[in-house]
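Following this message is one structure expressed as structure tokens.
Readers should treat all values here as calculations from the given coordinates under stated rules, not as data from a laboratory. Just so you know, these numbers come straight off a predicted model, no measurement behind them. Cβ: placed from backbone, ideal geometry, glycine included. Neighbour counts: every protein chain shown.
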Amino acid sequence: MNRVTITQYLTEKKNVVDRAIKKYFMSQEQLFNVMYYSVDGGKRIRPILAIASFESNGGKNINEVLPIACGLEMIHTYSLIHDDLPSMDNDDFRRGKASSHKKFGEAMAILSGDGLFAYAFGLFTEGNYLVNEKIAVIRAVSEVVGPRGIVYGQVLDITDHKEMNPKELRKIHLNKTAKFIALSIKVGAIMARAPQKRIERLYKTGLYLGMLFQYTDDILDVIGEKEKLGKTPQKDKASGKLAAPSVYGLAGARFRAQQYATLAKKRFSELGAEFNIFSQLTDFILHRTF
């Protein structure tokens, strides 16, 4: 599969996710409009990973995993809305447009994030099929997006770091980003009824992919263009954040990103040809410009 093909794959799956998400926001109530404003756009990496995992593990009916994939995107969006707030990263630009708090005010932005977080869990329970699998998904999601995952990572991220500590950087990356990327792969496998050993193996491999994703994010904050990124570059340095280039330098960050990519591709290849798509996704993330 070449880069054109992986680009086509990502576009195709993104369109599937976009259409599915739009159906959940047919209401014209103000809050739903504010919620959809932030959900609209984005790369859809997390839902695409869930779908790719579902299909690689033998899942046939995409509608079994699609509501869960959409729920992951809603949780991701909630985290972005809150991350952009003045009390957090204080960013006025997201997904190529004004951040939610700049468009609607801080109160509505916070409430829309809260709404998306709760709405996601409703999607995880949609339909009366695969009930045990959905319970497993909800348990896995709650572990990763709460105080032992994303929220903890955000707490570490806003902490004033007096030293450029590699161990602390890894802890931030692992909790803020890597666990959620790995989770996205895990829930797709759960919904495909994959063996438990493979589910756990995919999660551990997904952590390498998640660390790669955050490394490329840190690198793009230094070298990326605002129009391509859809957000404000060079925020990490301006705010004195602990980030890969500040700890290792740009060349060191790129070297470590390549190491994570190599590890991820090796582990995915060991799972068999059915998982080749993940090697292509790894290359895409390594070389992404947005």
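Which whole number of Å³ per residue matches the convex hull of the alpha-carbon atoms in segment 51-120?
96 Å³
Ok, one more. Between 135, 150, 68, which gets the highest mean-square fluctuation from a Gaussian network model of the chain, Cα cutoff 10 Å?
Maximum fluctuation in the GNM of the chain, among the listed residues, is at 135.
For the charge dipole of the chain, defined by +1 on Lys and Arg C-beta atoms and -1 on Asp and Glu C-beta atoms about the Cα centroid, which residue among 272, 247, 260 has the Cα displaced farthest towards the positive pole?
272
Still on this structure, I have one more. Summing -39500 (n - 2.57) over the DSSP H runs of n ≥ 4 in the chain and dividing by its residue number, what mean residue ellipticity at 222 nm do you reach, to the nearest 500 deg cm²/dmol?
-22500 deg cm²/dmol
Still on this structure, please answer the following. Return the single residue from 90, 128, 175 with maximal mean-square fluctuation; model: Gaussian network over the chain, springs between Cα atoms under 10 Å.
128
How big is Rg to Rh over the chain, alpha-carbon atoms, Rh as the Kirkwood inverse-mean-distance radius? Write down the numbers at each step before the final one.
Working: Rg = 18.0 Å, Rh = 19.1 Å.
Using Cα coordinates only, the ratio equals 0.94.
Moving on to the next point. Which of the helices in the chain meet the span-like rule: DSSP H, Cα axial reach of 20 Å or more, Kyte-Doolittle mean at least -0.5?
Numbers: long enough: 3-23 (30 Å, -0.70); 66-83 (26 Å, 0.72); 106-124 (28 Å, 1.22); 131-145 (21 Å, 0.93); 196-223 (40 Å, -0.09); 244-269 (32 Å, -0.28).
Helices meeting the criterion: 66-83, 106-124, 131-145, 196-223, 244-269.
Let me ask something else about it. With only Lys, Arg, Asp and Glu charged, each at its Cβ (+1 for the first two, -1 for the last two), find how big the charge dipole of segment 3-285 is about the Cα centre; round to the nearest 20 debye.
Value, rounded to 20: 760 debye.
Comparing 39, 17, 155, which has the greatest mean-square fluctuation in the GNM of the chain with Cα pairs linked when under 10 Å apart?
Evaluated over the chain, the most mobile residue of the options is 155.
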